[in-house]
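S.K.: Before I ask anything, let me first share the structure, which is written out below as structure tokens.
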Amino acid sequence: MCTVDIKKSQGDSGYLIVSLSGELNKKVVRDIRDKIVGVIRSSRYVENVTVDLSDVNLIDTAGVALLVLLCQHVKSKGGTFRVVHPQDRVRRVFKLAQLEEFLTVENGNRQ
Amino acid sequence: MKMETGSNDSKALISVRHLNSFYGRKQALCDVSFDIEARRIFVIMGMSGCGKSTLLKHLIGLKKSPPDTVWINGEDVSKWGHREWNDYWLRIGVLFQNGALFNSMTVGQNIALPLTVHTNLPQDIIEIMVEMKLHMVGLSGTAHLMPSQLSGGMRKRAGLARALAMDPEILFVDEPSSGLDPITAAALDELLITLKEVFSMTLVVVTHELESAFKIGDYMIVMDRGRIIASGTPEEIRQMPDSRVQQFLNRRPDEEQRDYDSYISRLCKVKRR
């Protein structure tokens, strides 16, 4: 089970904050992708996307692949992408996949 | 280890009790019992032909187990039907000795296959996952190649990438180091340990490579002629005085093979024609 909360900035500033919680795995990735991409496409433009993972306690490689896909999409439009507050367990998966730098992973667990 | 007959109170992920296994009339496993705890690396060791691979076949459902001998998550697998086995097979990954890739598919297609068949993941996500798995096993940039274009060691690693495709809860690995150079084999050992730690994966590794077994194993059994002759942590195994265990650990061939006199004696018994 994974929930997603997406906050768009007011006006034309182009900020998007995606807060995920639960388990980001292959069972939910298609739905989560569709929701996020739907918001990005319906926006006038999205320059900066921040994905907050502080409430994600498990991630598999499908979840990591989703973040890579979003990162590619945003960067190809000239925007910036970052992942913030991953729990240690989640961060270890990024490290194994050697994607901490590509995904601009920042800060440890917020708690 | 608990060794009850006909019941299983163990909290282990996999329990085996008094398992006997046959190929026709030839007995391959004799009274085999052990527990595999979750999130550990369990190593099955022994010389060629000792029953390691047969045991693996029982654990992954390629060989039928008699009632009350193999439990997975507390369930007697002899009672499982197609649905239960299919659910189990979706939760496990298996690296066979030869890699077992489909030769008519590219490496990338081989790895993507279980994801395409068993999940609703979009193709773009699957392609990224394939590249990630290949990178993890040190085969970045080979997705477009055919298995026939890979060396034996590369095929083995591609097989591991496919076994990891579904992020399995349990990974079964048959002889991970065979056919690999020492550096690649060491890197593979490190990867197996990392998988356990990062994904809380349970690994069951069949090997006759001592160095690798003692490096990665949390718990191990040593088999000889279908029987378990020793079980314990790597340290406990090292300390065991049993002559057959020490013979295996010290890589000494069977005395029988070294007995020159009995060899000559057998030669002399051959009747002249």
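Read-outs: derived from the displayed coordinates by stated rules, not from any lab. These figures come from a predicted structure and were not determined experimentally. Positions of Cβ are backbone-derived with ideal geometry, glycine not excepted, and every protein chain shown enters the neighbour counts.
S.K.: What angle, in degrees between 0 and 90 and rounded to the nearest 10, separates the Cα long axis of helix B:260-269 from the longest principal axis of the Cα atoms of chain B?
M.R.: 80 degrees
S.K.: Pull up the DSSP beta bridges for segment B:17-175 and report the antiparallel fraction as a percent, rounded to 5.
M.R.: Numbers: 6 of 10 bridges.
For segment B:17-175, the DSSP antiparallel bridge percentage is about 60.
S.K.: A further question follows. Which angle between 0 and 90 degrees, to the nearest 10, do you get for helix B:152-163 versus the longest principal axis of chain B when only C-alpha atoms count?
M.R.: Once rounded, one gets 60 degrees.
S.K.: Determine the percent antiparallel among the DSSP beta bridges restricted to the protein assembly as shown, to the nearest 5.
M.R.: On the way: 24 of 59 bridges.
Looking only at bridges with both residues in the protein assembly as shown, the antiparallel portion is about 40 percent.
S.K.: Compute the helix-to-body angle for B:82-91: its Cα long axis versus the longest principal axis of chain B, expressed 0 to 90° and rounded to tens.
M.R.: 80 degrees
S.K.: Among B:225, B:17, B:83, whose mean-square fluctuation peaks in a Gaussian network model of chain B (Cα, cutoff 10 Å)?
M.R.: In the Gaussian network model the winner is B:83.
S.K.: Another question, then. Please check: in the Gaussian network model of chain B (C-alpha springs, under 10 Å), which one of B:24, B:51, B:232 has the largest mean-square fluctuation.
M.R.: Looking only at B:24, B:51, B:232, the biggest GNM fluctuation is shown by B:24.
S.K.: For the peptides B:212-224, A:83-95, what is the packing order when you average, over each peptide's residues, the other Cβ atoms within 10 Å and list the highest mean first?
M.R.: Top of the packing list down: B:212-224, A:83-95.
S.K.: Sticking with this structure for a sec: Which residue fluctuates most in the GNM of chain A (Cα springs below 10 Å): A:61, A:50, A:80?
M.R.: A:61
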